[in-house]
Amino acid sequence: MKATKLLFALPALLALGACNEIELGEKPVRPVQVWVASKAQIPGPLSYSGQIYARYESALAFRVDGKVISRNVELGERVEAGQVLARIDIRDLQLNIDNARAGLRAARADLAVARNERKRVRNLFEKKFASQAEMDAANNHFHTARAKVKAAEAQVEMAQNQSKYGTLKASGNGAITQIAIEAGQVVSAGQTAFRLAHEGEYEVRIRVGEQSVQMLKPNQAVRISLWADDTALLSGFVRDIAPAADQNRTWLVKISLVAPPAGLKLGMTAKVVFAPDASGGFFWLPATALFQNNEQPAVWLVDADDKVRLRNIELEQYLENGMLVSGLEEGVEVVAVGVTHLHPGQVVYPVPYTGKAHHAVSLKDQTGTGG
């Protein structure tokens, strides 16, 4: 009976399209595409390629200026904590030590003079042959000379420490992943000489797009396989998600490996597989089904009498091809296309969701006759 009525309404349907209401008797009917909620329709896992990195990397640099006289390691070489990586010419540093020591000797000599002078003035002051002002001046001269000695001692210690800074050592066990100096090169204090990837914890770094980054959550479990051996599955979890995109509009995601296998090499290619969270009664819906009900996410449900009503939902995850929501029941019909022109209690004509937001619904879709 419904199909017969819609056949008479065909001219109006073709003229106005599916987004316009059609008068059938006394009630306006709007064709809408519907999706039947089912847990079995949750999409499969997504995968991304990445590389193995050390979780901790250090930029190693000399703490003083100087000319490099030796570099003792090569790119990719494994090193141990305390191993000498490079040296710079310390002859200028040795001159600084000599200069500081000379300053210390001069300061100590001044202190000796100030001590004797204070002793002499004190004897005169006690015999009433020197004034209080002279006594105060002698005391001040002595304290100043003693402070200069302490400062000179600190200069000597600093110069001696700087001479030790002429040797650059590894800060931990790991591998050299970058070399930025060569013998004969003049370097500045703080200029990166090496990058050291520390042993211990490893991670996979991937880059994901704007839609995928919304699916990921910190500590979310993932599966990892290596290109060198894709039969061995490794466990991991999302450790960090970059707060901002790069120039290519992708986000850096760091995946920590749980119990990495022996023989894992930095730079290996890895595949990270993560699936939408299907626990807790979640359902997949097309993104076009989302509606706002007083700033609350909602969808339109189609009842058995073809009338629509609003149902508030919880938006759990955005997916690349839709979204995961909770707050529905298995088998309910959800309006997937045409949600913006509905009102509670409106009569609609539901047709299956096609995956496209068409502006017209075919006669075959509405009548099942094919014309």
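The values are calculated or read from the model by the stated rules, or taken from the named source; none is laboratory data. Everything numeric in this text was worked out from a predicted model, so none of it was measured. Methodologically, a virtual Cβ is constructed for each residue, glycine included, from the backbone with ideal geometry; neighbour enumeration extends over all protein chains shown. For accessibility, only protein heavy atoms count, side chains too; no ligands or nucleic acids. Shrake-Rupley method; radii C 1.70, N 1.55, O 1.52, S 1.80 Å.
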Rolling a 1.4 angstrom probe over the protein heavy atoms, how many square angstrom per residue are accessible across the stretch 142-296? 54 Å²
Along the dipole axis of the stretch 133-221 (charges at Cβ: +1 for Lys and Arg, -1 for Asp and Glu; origin at the Cα centre), the most positive-end residue among HIS198, VAL156, ALA183 is HIS198
Beyond a 24 Å Cα-Cα separation, which of these cross-linked pairs lie in this structure: LYS217/LYS271; LYS67/LYS169; LYS127/LYS150; LYS217/LYS265; LYS119/LYS148; LYS39/LYS217? LYS127/LYS150; LYS217/LYS265
For GLU199, which sequence-distant residues (separation of 5 or more, or a different chain) have an amide H within less than 5 Å of its own amide H, given hydrogens modelled in the peptide plane? ASN173, GLY174, ALA175
For the stretch 181-325, what is the charge dipole size about the Cα centre, in debye to the nearest 20, if Lys and Arg each add +1 at the Cβ and Asp and Glu each add -1 at the Cβ? 240 debye
How far apart, in nanometres, would the label points at ARG78 and ASN248 be if each is projected 7 angstrom from Cα along the Cα-to-Cβ direction? 3.2 nm
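Shape of the stretch 277-346 from its Cα gyration tensor (a ≥ b ≥ c, root eigenvalues): rounded if a/c is under 1.5, otherwise prolate when a/b > b/c, or oblate? Working shown, then result.
On the way: a/c = 1.85, a/b = 1.51, b/c = 1.23.
Prolate is the answer for the stretch 277-346, as a/c is 1.5 or above and a/b outweighs b/c.
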Taking protein heavy atoms only, a 1.4 Å probe, and rounding to whole percent, the accessible area of the stretch 131-185 owed to carbon and sulfur comes out at 49 percent
So, R0 is 45 Å and r is the distance between the beta-carbons of GLU153 and ALA180; what FRET efficiency does that work out to, to 0.05? 0.80
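Can you tell me the FRET efficiency between GLU330 and SER188 if r is taken as the Cβ-Cβ distance and R0 is 56 Å, rounded to the nearest 0.05? Provide the component values of the computation, followed by the final result.
Working: r = 67 Å, r/R0 = 1.20.
Efficiency, from the Cβ-Cβ distance: 0.25.
I need the chymotrypsin sites (Phe, Trp or Tyr not before Pro) found in the stretch 54-127, filtered to DSSP loop residues with at most 16 other beta carbons within 10 Å of theirs. Present the calculation step by step, with values, prior to reporting the outcome.
Values: sites: TYR56, PHE62, PHE125; in loops: TYR56, PHE62.
When the chymotrypsin sites (Phe, Trp or Tyr not before Pro) of the stretch 54-127 are filtered for loop state and at most 16 Cβ neighbours within 10 Å, TYR56 remain.
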Semi-axes of the equivalent ellipsoid for the stretch 117-250, Cα gyration tensor, largest first, Å: 67, 22, 15
What's the FRET efficiency of THR167 with LYS39 using the Cβ-Cβ distance as r and R₀ = 51 Å, to the nearest 0.05? 0.20
